[in-house]
Each structure stands twice: as structure tokens, then as C-alpha cells.
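Working notes for the structure below.
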Amino acid sequence: MAESASLLFNPRTYDPEHFDPETRRLLRATVDWFEARGKRRLIEDYRSRAWLGDFLDFAAKEGLFATFLTPASAAKEQDRRWDTARIAALNEIFGFYGLDYWYAWQVTVLGLGPVWQSDNAEARARAAELLAQGEVFAFGLSEKAHGADIYSTDMLLTPDGEGGFRASGSKYYIGNGNAAGLVSVFGRRTDVEGPDGYVFFAADSRHEAYQLVKNVVDSSKYVSEFRLADYPVAPADILHTGRAAFDAALNTVNVGKFNLCTASIGICEHAMYEAVTHASNRILYGRPVTAFPHVRRELTDAYVRLVGMKLFSDRAVDYFRSAGPDDRRYLLFNPMTKMKVTTEGEKVIDLMWDVIAAKGFEKDNYFAQAAVEIRGLPKLEGTVHVNLALILKFMRNHLLNPVDHPAVPTRLDAADDAFLFQQGPARGLGSVRFHDWRTAFDAYAEVPNVARFREQADALCTFVETAAPDEEQSRDLDLLLAVGQLFALVVHGQLILEQARLTGLDEELLDELFAVLVRDFSAHAVELHGKDSATEHQQNWALGAVRRPVVDAERSARIWERVEALSGAYEMGQ
């Protein structure tokens, strides 16, 4: 069926006509560059850990990064803007062909965050010019001893008596640290105590006082350790000071972490074409592998999970682009894209790998690369646990205290997402309010498994009202994370349904997807039941929230036909 393929990115048919002409040209040119490079060269570059020079030359020639990553306020050319919808599309393409390419782009996004949030006009102009020249950027936040614990930075800035500083210290796990034209570095002053002493400044990786130590990973990605030794920081290099520097760090991560979901989607899409094609053509015991019921179930589950990933991420784009000082709902949906979508990606790959087995290790396939790369995304820009803990801050308001918000439309317009660099103080998460999540479920109340999942979501509201963790349990992160998984499923389902309504997704596919979500909710409820500190009331609630999905063999068979139609739909040329 053509519909199954149309829901997935396919280079053979890709034409992003919903974007403006220059965006459409650049996205298609990027696909064509990878397709011309071919599968053999793509895999060999990955295996040999080759630096991405050819790719960066292409991006510079086309003005790709400059067009997509220069806000309109800093741009001279008409097509340059920060547009999350087209950024998401490019993430998906990079993920589809290889995470190394995406990573060079991703850390450029992070490196630009503190610059575009800065009032330093000279630094902003310098960044725009470097982008126009095809340079990449880096985000110098984490350190070997402290990770991303920005309260404990050992990058020290000593006043030089002339309005500037001398910076000394090291940074660790810094992508593009070998080649960045500008590195946004976080540190603290030696003469000011507390948060007023924080500083974000711009450094140049080519400066003699910038010492590149090594690549800390065995990869084409250059994830550097570097040291600054008495590095001169002029007033023109200062991006932020005091609390604003702290906020710039967190707000930059807010912008950057969103990119992980669509990269994960791209990886899964490429792997799915390979896996379904292989399974459909593999004969075992005289029968195609896909004749076995468990194989059909696993590949169907993988497919509907992937569709769910896409629906959620596409809808989250709308909230990101429509955000403002009075609408910060994106602060929940953002860690959801990072945590929930990327872990769904792991499940998708695992389901397919169970089917293709040893084929997933072969060096001439993309799948072997995908199986490794999909693991990285849940672990970047904060672990799954960190983001789950963040999500919990919104649970009570989201589930129990809705307010009226203007409807958020689909946002594919050619607009600049200026608010992302004007987010303000990174606090007050508990005061963020949401529209009623039930509305999305009400629209599909006749779909059996949506209705079944709604029972579980309503039960979670009862849990929050009557059995929420007490003060002592609130210090038990292991218990809280189990609750967080249940809440995340409700939010995941909500945005899937909103996007389904906006795109006219057929209800059979939605029903099959929610059958999977019902099973997931039941599994997390059982996990909560088994936690050491769960009270008897909580244990009883957990078992009471377990549901069996509504089974419809004919529906599942029709969805399987869509999955089977992916066999041969795309294969990368050699």
C-alpha cells in the first residue's frame, strides 16, 4: 500500500513541497548528496571513522547551516531564519544517513544557542559571518570531573585589569572542538562568588592558547577534550554574565534536545526498509520469515511505534514554534521528545533486530550502524532519568488543572522562531499550565484501544489525587521514575491524537498503535507495583490499572499489509 510508505521518509519520492522553494531545494539537495555518495561509501566512512570534511564542504557550498541556523534578526539574506519545522526535517534526513553527520550539525546548534541569546551585537555578527563561511560551532559546557553540572565548573576567568579576562581550564565531551570557528564556553570568575560569577564567552579553536587534547570517542564524530591556557577573553567575546549565563546554558539545551527525536526517527526509517525487505525475502523451513505470527507482530509493533514517534514529534514542533512568555507548554513536550521518542526508537530497532537476527550485524548493511547509533540519542542532552524527573514537575498541572489556551495550529509557515532565544529565566516550571488533555481523547472515543487507554489515563489522575508519593517517597527517585513513565505515556498519546486529527490519519492505524500503548501502560503499572517503597494502596492501584488491549485480528492483518508493502520500497544505491 502506498499509504504505508508515504508515512515514512523515502528518498525515492521525497519532495518537501510544504516548505518554501529554498528550503525545498536545500532539503532535496542534501538527500541527493547522500544518495550520490552511495551506501558503500557511507558505511566505509562510518567504519573508518573518517572526519566529515566532504560533507561540511557540501554544506558550506550550499549555505545549508547558514540558511537554517541564522535567525532572521542576524541575517542579511531573505531565506535565513530559525525555523523549527525545517530544522526537524533536516534532522530526520541526517539521522536516516548517519548520526555522525547529524552530530556535527547538532553541536553547531548548541554552540550557537548562547550567541543568539546574547545582546553582544559584535559576537552575533561574527557568528553569522562564520556560518556564511561554512564554519561549524561547539558548546563548551561539560567537564570531565563534573559532567554538565554547571554549578561546579572549573573553567576559571581571572580579570586582566582591562575589562577582559584570562581563561584557564578544560572542557570534556565537546563536539566539533577540533574545528569550530566559535566555541561558546561556560566558566566562572575568580573574583565573584556565587551565580553572579558565571560567564559565557566565545573562543576560537584555532587560537594558540586553545589546546586540543584528543577525541574522547572512537568515531567520525570529534567529541573533544580541550584546554584553555591563559586564553585572552576580550570584552567583545563576552556573551553572558551572572544568572543570564546560567539561563543561557539551560535554554540552549532546551533548543538542542528537541533535535534528538527526529534524528531517531530517521535512523529507524532507514533500518525498517532494510529489515522488512530482508524478512520478506528470507525463506525459513520452506516459508517466508514473515509468515510466522510472532514476526508479523514484532514488525507491526515496530511500524506503529515509529508512526507514533513521527506523529508526536510533528505535533511538538507546533508547540515549540507557538511558544511565548504566556505559553510555555513546550517545556513539557521538549523533554518528552528527547526521552520518550528516543527510547521508542530503541524499541523499534530491537523489535526489528529480533526478526532479522544475525543479519543485523553484517557490515554491508545500514542496520548494524543503526543498532549502535540509536543507543546514543537517549543518552545525550541529559539522560532519560534526568528528563523523566523533569517531566514529573508538570504532572499535576497537566493532568488535573487545565486552563483555556488558544488552539495551536500546524506550524509549517516560513517564520522565524525568535522566542527560542528569548526564553528568559530557566525556572518556574511548576507554574506552567496546559490545555485539557482529554479533548484529544474525546475526539477518538469510538476507537476501541483509544478508549481502553483513556481508562488508564483517567486512572492515573485518580492515582495523583489519592495515592501520589508522599514526602518520604518523593526522595525515592526509583519509584518516581516509574510514575513518570506512566505520565509520559499519557502525554505521548495526547499529542499523537492531536496530530492524527490534524492530518486525517486513519483510525485503524491509530487503533493498532494504541493497542501497543495500552500494553506499555500495563507493563509500567506492574513495574510500579513491584517497587520496594510502593504502599499497599499504590500496589492495588497499579494492578487495577492493568488492561488488555482490544484485539481485532482483521485490523491487525490489514496493518500488517502496510508493513509488508515496505519490502523493496527503498534501498540505497551502492
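Based on this model, can you work out whether Leu130 counts as closer than 24 Å to Asp54 by Cβ, outside any loop (DSSP other than H, G, I, E, B), open to solvent by 60 Å² or more (accessible area, probe 1.4 Å) and not charged (D, E, K, R)? Walk me through it before giving the result.
Numbers: closer than 24 Å to Asp54 by Cβ: yes; outside any loop (DSSP other than H, G, I, E, B): yes; open to solvent by 60 Å² or more (accessible area, probe 1.4 Å): no; not charged (D, E, K, R): yes.
The answer is no for Leu130.
Can you name every residue in region 239-252 that is closer than 16 Å to Phe137 by Cα and either surrounded by fewer than 21 Cβ atoms within 10 Å (Cβ to Cβ) or of a type in the set (S, T, N, Q) (or both)?
Thr252
Being more than 18 Å from Pro448 (Cα to Cα) and either open to solvent by 10 Å² or more (accessible area, probe 1.4 Å) or at pLDDT below 95 (or both) is the filter here, so list the residues in region 485-503 that pass it.
Gln485, Gln499, Leu502, Thr503
Look through Ala236, Ala263 and report the one residue that is modelled with pLDDT of 95 or more, closer than 21 Å to Gly197 by Cβ and part of a helix (DSSP H, G or I).
Working: Ala263 fails: closer than 21 Å to Gly197 by Cβ.
Every option except Ala236 fails the conditions.
Tell me which residues, restricted to region 167-185, are within 23 Å of the chain's Cα centre (by Cα) and either open to solvent by 10 Å² or more (accessible area, probe 1.4 Å) or of a type in the set (Phe, Trp, Tyr) (or both).
Tyr172, Tyr173
Being open to solvent by 60 Å² or more (accessible area, probe 1.4 Å) and of a type outside the set (Lys, Arg) is the filter here; which residues of region 49-62 pass it? Talk me through it step by step, then tell me what you get.
Within region 49-62, the first condition is being open to solvent by 60 Å² or more (accessible area, probe 1.4 Å), and the residues that meet it are 49, 51, 54, 57, 61.
The answer is Trp51, Asp54, Asp57.
Take Thr158 and decide whether it is farther than 30 Å from Thr30 by Cβ, surrounded by fewer than 24 Cβ atoms within 10 Å (Cβ to Cβ), of a type in the set (Ser, Thr, Tyr) and in contact with a Leu (Cβ under 7 Å, 6 or more places away or on another chain).
On the way: farther than 30 Å from Thr30 by Cβ: yes; surrounded by fewer than 24 Cβ atoms within 10 Å (Cβ to Cβ): yes; of a type in the set (Ser, Thr, Tyr): yes; in contact with a Leu (Cβ under 7 Å, 6 or more places away or on another chain): no.
It is false that Thr158 is farther than 30 Å from Thr30 by Cβ, surrounded by fewer than 24 Cβ atoms within 10 Å (Cβ to Cβ), of a type in the set (Ser, Thr, Tyr) and in contact with a Leu (Cβ under 7 Å, 6 or more places away or on another chain).
Just checking, does region 273-284 include any residue being of a type in the set (Asp, Glu) and either buried (at least 19 other Cβ atoms within 10 Å of the Cβ) or under 20 Å from Val307 (Cα atoms) (or both)? Steps first, answer last, please.
First pass over region 273-284, keeping only residues of a type in the set (Asp, Glu): 274.
Still in the list and also either buried (at least 19 other Cβ atoms within 10 Å of the Cβ) or under 20 Å from Val307 (Cα atoms) (or both): 274.
Yes, the conditions are met somewhere in region 273-284.
Would you mind stating whether Asp32 is at pLDDT below 95, open to solvent by less than 80 Å² (accessible area, probe 1.4 Å) and either in contact with a strand residue (DSSP E or B) (Cβ under 9 Å, 6 or more places away or on another chain) or part of a helix (DSSP H, G or I) (or both)?
Working: at pLDDT below 95: no; open to solvent by less than 80 Å² (accessible area, probe 1.4 Å): yes; either in contact with a strand residue (DSSP E or B) (Cβ under 9 Å, 6 or more places away or on another chain) or part of a helix (DSSP H, G or I) (or both): yes.
Against the criterion (at pLDDT below 95, open to solvent by less than 80 Å² (accessible area, probe 1.4 Å) and either in contact with a strand residue (DSSP E or B) (Cβ under 9 Å, 6 or more places away or on another chain) or part of a helix (DSSP H, G or I) (or both)), Asp32 does not qualify.
If you go through region 321-347, how many residues are open to solvent by 20 Å² or more (accessible area, probe 1.4 Å) and polar (S, T, N, Q)? Break it down stepwise before answering.
Let us first name the residues in region 321-347 that are open to solvent by 20 Å² or more (accessible area, probe 1.4 Å), namely 322, 325-328, 343, 346-347.
Retained after the next criterion (residues that are polar (S, T, N, Q)): 322, 343.
Qualifying residue count, region 321-347: 2.
For residues that are open to solvent by 10 Å² or more (accessible area, probe 1.4 Å) and touching a residue at least 40 places away in the same chain (Cβ under 8 Å), scanning just region 133-149, find the one that is farthest from Thr383 (Cα to Cα). Let's see the steps before the verdict.
So in region 133-149, the residues open to solvent by 10 Å² or more (accessible area, probe 1.4 Å) come out as 133-135, 139, 141-149.
Now narrow it down to the ones that are touching a residue at least 40 places away in the same chain (Cβ under 8 Å): 133-135, 139, 141, 144, 148.
Values: Gln133: 34, Gly134: 31, Glu135: 29, Phe139: 18, Leu141: 16, Lys144: 16, Ala148: 11 Å.
Taking the candidates together, the pick is Gln133.
Keeping to region 516-574, report how many residues are outside any loop (DSSP other than H, G, I, E, B), touching a Ser or Thr at 6+ places or on another chain (Cβ under 7 Å) and either acidic (Asp, Glu) or open to solvent by 60 Å² or more (accessible area, probe 1.4 Å) (or both). First the steps, then the outcome.
First pass over region 516-574, keeping only residues outside any loop (DSSP other than H, G, I, E, B): 516-529, 536-544, 553-564.
Filter again for touching a Ser or Thr at 6+ places or on another chain (Cβ under 7 Å), leaving 556, 559-560, 562-564.
Of the ones still in play, those that are also either acidic (Asp, Glu) or open to solvent by 60 Å² or more (accessible area, probe 1.4 Å) (or both) are 564.
Of the residues in that region, 1 qualify.
Which residue, of Ala482, Ala500, is of a type in the set (Gly, Ala, Ser) and within 19 Å of Ala302 (Cα to Cα)?
Numbers: Ala482 fails: within 19 Å of Ala302 (Cα to Cα).
Criteria check complete, one pass: Ala500.
Against the definition (under 29 Å from Arg126 (Cα atoms), polar (S, T, N, Q) and either free of Cβ contacts under 8 Å to residues at least 60 places away in the same chain or surrounded by fewer than 24 Cβ atoms within 10 Å (Cβ to Cβ) (or both)), how does Ser73 come out, yes or no?
Working: under 29 Å from Arg126 (Cα atoms): yes; polar (S, T, N, Q): yes; either free of Cβ contacts under 8 Å to residues at least 60 places away in the same chain or surrounded by fewer than 24 Cβ atoms within 10 Å (Cβ to Cβ) (or both): yes.
For Ser73, the condition - under 29 Å from Arg126 (Cα atoms), polar (S, T, N, Q) and either free of Cβ contacts under 8 Å to residues at least 60 places away in the same chain or surrounded by fewer than 24 Cβ atoms within 10 Å (Cβ to Cβ) (or both) - is met.
Does region 288-307 contain any residue that is without any contact (Cβ under 8 Å) to a residue 40 or more places away in the chain and outside any helix (DSSP H, G or I)?
yes
The values are calculated or read from the model by the stated rules, or taken from the named source; none is laboratory data. Here the structure is a predicted model, which means the values were calculated and not measured. With ideal geometry, Cβ positions are generated from the backbone for all residues, glycine too; neighbour counts draw on all protein chains shown. Side chains are part of the model used for accessible areas, which takes the heavy atoms of the whole protein and leaves out ligands, DNA and RNA. Shrake-Rupley method; radii C 1.70, N 1.55, O 1.52, S 1.80 Å.
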